[in-house]
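Taking it in order: structure first as structure tokens, then the write-up.
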């Protein structure tokens, strides 16, 4: 079987962590190039893959590859993603998709018009604890779900002149940059959002222009609630990364620090999945994500985290930001969850113009 030729564009710390987790995927993909504007970083990633070359301009490697993994500052997702799609490359694009709805819709349209896969790298969708929890909730094994809470507590500090410290280049704050993973998961777990609130602060994270700590509460159709607390200012933590799903017959807890999925019921704990004990045969989420991307290219199927689906989480975040600025509860209905036409526009909008969400009545 011919291997898919892939170029990694953007070789910062995240690219290196991806690269070190591709062991099994290398049976199906060949990393042909690593690109970064900083030569040393490009060389460092290229050296991880025998035969890969390095470059400081992504345009120098497009003739050598069929697909790209874009691990770039957020404000570069749209221009470089568009160029790669228009050059006929399949694109696995790090989250968030882009910094505006207009840019997201352009990427979606380019993917459809060029018939190339556009997949957004929401790797948490492929984590074994998350996939098992979602399966149990969907099958109602422990009854109806009425509350899902997600905590992500970490210390992430950037220098003042770093692109991630700027609201303009980051696209927002901690919620947009990192919390988009967990808004995506809340929508995946609980369905259509109805209303919600966001409160954010850069108190404790003064290096952030916008919020470094974020609190989101969402009510979903049917009455279930979702909550996300995320901070880049944690100087200590007990929860770390932890998910709780309260159901009418028990509570599921995903403890990412120990790799456990636990059922709490009648004062007792039951281990349902222990990933740490199974690491010898389990793949990393980013590797499973890459394999899914390859499957979609080969089969022509829709990615689990495709453009239109991923846009819904960003629409939710933008509406929450807007309501926070106006000191109101956000109306989250009509954001297009599963209601988009082939170009990613909200139904019933069939205007070929790219219409901003807030202009749609």
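The values are calculated or read from the model by the stated rules, or taken from the named source; none is laboratory data. The structure presented is a predicted model; accordingly, all values stated were derived computationally and were not measured. Using ideal geometry, Cβ is built from the backbone for each residue, glycine included, and neighbour counts are taken over all protein chains shown.
Quick look at the numbers
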| item | result |
| --- | --- |
| Selection within the stretch 59-75 - in contact with a helix residue (DSSP H, G or I) (Cβ under 9 Å, 6 or more places away or on another chain) and closer than 18 Å to residue 12 by Cβ | 68, 69, 70, 71, 72, 73, 74, 75 |
| Test: residue in the stretch 109-131 that is outside any strand (DSSP E or B), on the phi > 0 side of the Ramachandran plot and either in contact with a helix residue (DSSP H, G or I) (Cβ under 7 Å, 6 or more places away or on another chain) or surrounded by 18 or more Cβ atoms within 10 Å (Cβ to Cβ) (or both) | no |
| Residues that are within 18 Å of residue 231 (Cβ to Cβ) and in a helix (DSSP H, G or I), drawn from the stretch 156-176 | 164, 165, 167, 170, 174, 175, 176 |
| Residue under evaluation residue 303, criteria (1) in a loop (DSSP other than H, G, I, E, B); (2) at pLDDT 95 or above; (3) surrounded by fewer than 20 Cβ atoms within 10 Å (Cβ to Cβ), criterion not met | (3) |
| Among residues of the stretch 21-57, those that are loosely packed, with under 14 Cβ neighbours inside 10 Å, modelled with pLDDT under 95 and within 24 Å of residue 117 (Cα to Cα), counted | 3 |
| Among the candidates 26, 62, 92, 70, residue that is farther than 23 Å from residue 171 by Cα and in contact (Cβ under 8 Å) with a residue 40 or more places away in the chain | 62 |
| From 179, 200, residue being part of a helix (DSSP H, G or I), at pLDDT 95 or above and touching a helix residue (DSSP H, G or I) at 6+ places or on another chain (Cβ under 8 Å) | 179 |
| From 229, 189, residue being within 20 Å of the chain's Cα centre (by Cα), more than 13 Å from residue 133 (Cβ to Cβ) and modelled with pLDDT of 95 or more | 229 |
| Only listed residue being in contact (Cβ under 8 Å) with a residue 24 or more places away in the chain, within 14 Å of residue 306 (Cβ to Cβ) and within 12 Å of the chain's Cα centre (by Cα), chosen from 120, 108 | 120 |
| Residue match in the stretch 147-155 (condition: within 30 Å of residue 76 (Cβ to Cβ), within 20 Å of the chain's Cα centre (by Cα) and surrounded by fewer than 16 Cβ atoms within 10 Å (Cβ to Cβ)) | yes |
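Condition check ((1) in contact (Cβ under 8 Å) with a residue 24 or more places away in the chain; (2) surrounded by 22 or more Cβ atoms within 10 Å (Cβ to Cβ); (3) in contact with a strand residue (DSSP E or B) (Cβ under 6 Å, 6 or more places away or on another chain)) across all residues:
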| position | (1), (2), (3) |
| --- | --- |
| 166 | yes, no, no |
| 182 | yes, yes, yes |
| 189 | yes, no, yes |
| 219 | yes, no, yes |
| 237 | yes, no, yes |
| 248 | yes, no, no |
